[in-house]
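The values are calculated or read from the model by the stated rules, or taken from the named source; none is laboratory data. Quick caveat: nothing in here was measured; it's all calculated off a predicted structure. Cβ placement follows ideal geometry from the backbone for every residue including glycine, while neighbour counts extend to all protein chains displayed. Ligands, DNA and RNA are stripped out before the accessible areas are found, and what is left, the full protein with its side chains, is counted by its heavy atoms. Shrake-Rupley method; radii C 1.70, N 1.55, O 1.52, S 1.80 Å.
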Amino acid sequence: MALLPYVDEKTAPQAVREMLERSTIKLNVGRMVANSEAAMRPFSQLGNSLLTRAKLNAKLREIAILRNAKVCRSVYDWTQHVPIAKAVGVSDEQVAAMDKWEGAKCFNDLERLVLKFTDEVARNVKGSRETLAALKQHLGTTEIVELIISIGFWGMVARLLETTEVELEEFAGKVNLLERASQPR
């Protein structure tokens, strides 16, 4: 059981109830965030935008999210994002290598830079000038900004999930949430 209650949909403010009712998938993270009416809509919009509208390559984004989940020790983020990562091209070998990526041969040079940058930002808040300069050789400004925001966003999510001990849903890790979210209700 989570350390804080999930929002009570019956007594939640109308705007929160409407957002929850529109959701095709009820995630416990959303039910926890819904305790804050002020945060729920912006949180959902930012997460959705990063997942569906960003210019950053989806495979690179998911590599960063999975690595961030390892750095933050977020079982929920890891479990929910492995199917998404696989759907956008992250291999089983790459998923298995996230703990010890430095010695793994399954990542290309750009993926290794994304992993290094994710470690720097997740652990130190600031990525190094050297890694940023190397990323600039492969990615544009928009993509780098989206990478930084993605690392920060899923780091924030991990902090909420781990501090409140949000439970995994029954379907966690078994479905690609992006695929399910795009299906009509």
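Does I84 meet the test of being assigned to a helix (DSSP H, G or I), among the aliphatic types (A, V, I, L, M), open to solvent by less than 50 Å² (accessible area, probe 1.4 Å) and under 21 Å from N48 (Cβ atoms)?
On the way: assigned to a helix (DSSP H, G or I): yes; among the aliphatic types (A, V, I, L, M): yes; open to solvent by less than 50 Å² (accessible area, probe 1.4 Å): yes; under 21 Å from N48 (Cβ atoms): yes.
Answer is yes for this residue.
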Pair list, Cβ < 9 Å and 6+ apart or interchain, from segment 161-185 residues that are closer than 19 Å to C72 by Cβ and of a type in the set (S, T, Y) to residues that are outside any helix (DSSP H, G or I) and at pLDDT 80 or above: T163/L3; T163/L4; T164/A2; T164/L3; T164/L4
Whichever residue in segment 150-179 is under 16 Å from the mean Cα position of the chain (by Cα) and open to solvent by 70 Å² or more (accessible area, probe 1.4 Å) and, among such residues, is modelled with the lowest pLDDT: E179
In segment 27-54, residue most open to solvent (accessible area, probe 1.4 Å) [restricted to those that are in contact (Cβ under 8 Å) with a residue 24 or more places away in the chain and not in a helix (DSSP H, G or I)]: N35
Odd one out for E93, checked against (1) surrounded by fewer than 16 Cβ atoms within 10 Å (Cβ to Cβ); (2) in a loop (DSSP other than H, G, I, E, B); (3) of a type outside the set (G, A, S): (2)
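Open to solvent by 70 Å² or more (accessible area, probe 1.4 Å), over 30 Å from P5 (Cβ atoms) and modelled with pLDDT of 95 or more: is that true of T131 in this structure?
no
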Residue within segment 85-108 that is farther than 27 Å from G30 by Cβ and either of a type in the set (V, I, T) or in contact with a Pro (Cβ under 9 Å, 6 or more places away or on another chain) (or both) present: no
Looking only at segment 55-67, and only at residues there that are outside any helix (DSSP H, G or I) and open to solvent by 30 Å² or more (accessible area, probe 1.4 Å), the one that is nearest to E143 (Cα to Cα): K55
Condition broken by K70, with the remaining ones in (1) outside any helix (DSSP H, G or I); (2) out of contact with any Lys or Arg (no Cβ under 6 Å at 6 or more places or on another chain) satisfied: (1)
Subset of segment 103-128 that is in contact with a Lys or Arg (Cβ under 8 Å, 6 or more places away or on another chain) and farther than 13 Å from R61 by Cα - its residue that is surrounded by the fewest Cβ atoms within 10 Å (Cβ to Cβ): E120
Segment 129-158 residues that are over 13 Å from L56 (Cα atoms), paired with ones that are among the hydroxyl-bearing types (S, T, Y) (beta carbon under 6 Å, 6 or more apart): A158/S74
One residue from D77, D99 being among the acidic types (D, E), assigned to a helix (DSSP H, G or I), at pLDDT 95 or above and surrounded by 12 or more Cβ atoms within 10 Å (Cβ to Cβ): D77
